[in-house]
Amino acid sequence: MHAPARPTAVPLTPALTPTAPDTGAPDHALRRLRRFGAADAARIRAHLLALDTDDRLLRFSHGIRDEGIAAYVAALDFARDHVHGLCSAQGDIVALAHVALRDGEIDFGLSVSPDQRQRGLGRTLFGHVIALARALGAARIVCHSISPAVLHMAAANGFRRPGGRPGAPLVLALRAEPHCTAAGGHAPRGVSSTPPVRRAAA
């Protein structure tokens, strides 16, 4: 089995840094998207553990216990994948996006803390996923989510089911760039060390 290719680093340039959510009254700390690393694992785990049973189902598309979330976070590859989010003024993660590029295809997972919803944070993350996919030269973004909120955002942003098949995931086709392969296209699908990022929910 090949070692997963390491993607080209993509800094949070102004083009990839979303503006503040346009609803509610978010504090200043929520105005900038951050890329997280291994040092943030505890905060990521705390964010996901705070999701209730229904929210976990929407995020992962299956029931997941606390130990499953701990294992998911422990398996995150921060060098290869892009784990971004928004924090409160206290430093707590309130919105999280896990984005992975494999064979020119972007897969992603989203979550927003219950007390921070209806403020545009999920929309901010979703827009960032699309901008990041274009910057990485991905050919397509695949949405495996069962969350009504995420499915609505996907449809509003041009995602479609290939061939109109009801059971197919929503896909947004992007123009493939020459550096698509260099950005991670050699990574094999189903690498056991890669935590699943699909089944997004916000």
| Candidates ARG199, ARG140, filtered to the one that is surrounded by 15 or more Cβ atoms within 10 Å (Cβ to Cβ) and at pLDDT 90 or above | ARG140
| Can you name the condition, by its number, that VAL99 falls short on among (1) farther than 19 Å from PRO169 by Cα; (2) in a strand (DSSP E or B)? | (1)
| field | Residue list for the range 60-75, restricted to those being surrounded by fewer than 23 Cβ atoms within 10 Å (Cβ to Cβ) and of a type outside the set (Gly, Ala, Ser) | value | HIS62, ILE64, ARG65, ASP66, GLU67, ILE69, TYR72, VAL73
| remark: Only one of (1) modelled with pLDDT of 55 or more; (2) over 19 Å from SER111 (Cβ atoms); (3) not polar (S, T, N, Q) does not apply to PRO148, and that is (2)
| Before we move on, is ALA187 outside any helix (DSSP H, G or I), out of contact with any strand residue (DSSP E or B) (no Cβ under 6 Å at 6 or more places or on another chain), of a type in the set (A, V, I, L, M) and at pLDDT below 95? | no
| request: Would you mind telling me which numbered condition in (1) closer than 18 Å to ASP55 by Cβ; (2) touching a residue at least 60 places away in the same chain (Cβ under 8 Å); (3) of a type outside the set (Phe, Trp, Tyr) HIS82 fails? | output: (1)
| query | In the list ALA46, ALA95, ALA39, ALA133, which residue meets the criterion of being among the aliphatic types (A, V, I, L, M), surrounded by fewer than 19 Cβ atoms within 10 Å (Cβ to Cβ) and touching a residue at least 24 places away in the same chain (Cβ under 8 Å)? | reply | ALA46
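The values are calculated or read from the model by the stated rules, or taken from the named source; none is laboratory data. Keep in mind that this is a model prediction, so the values were computed, not measured. Note that each Cβ is placed from the backbone with ideal geometry, even for glycine, and that neighbours are counted across all protein chains shown.
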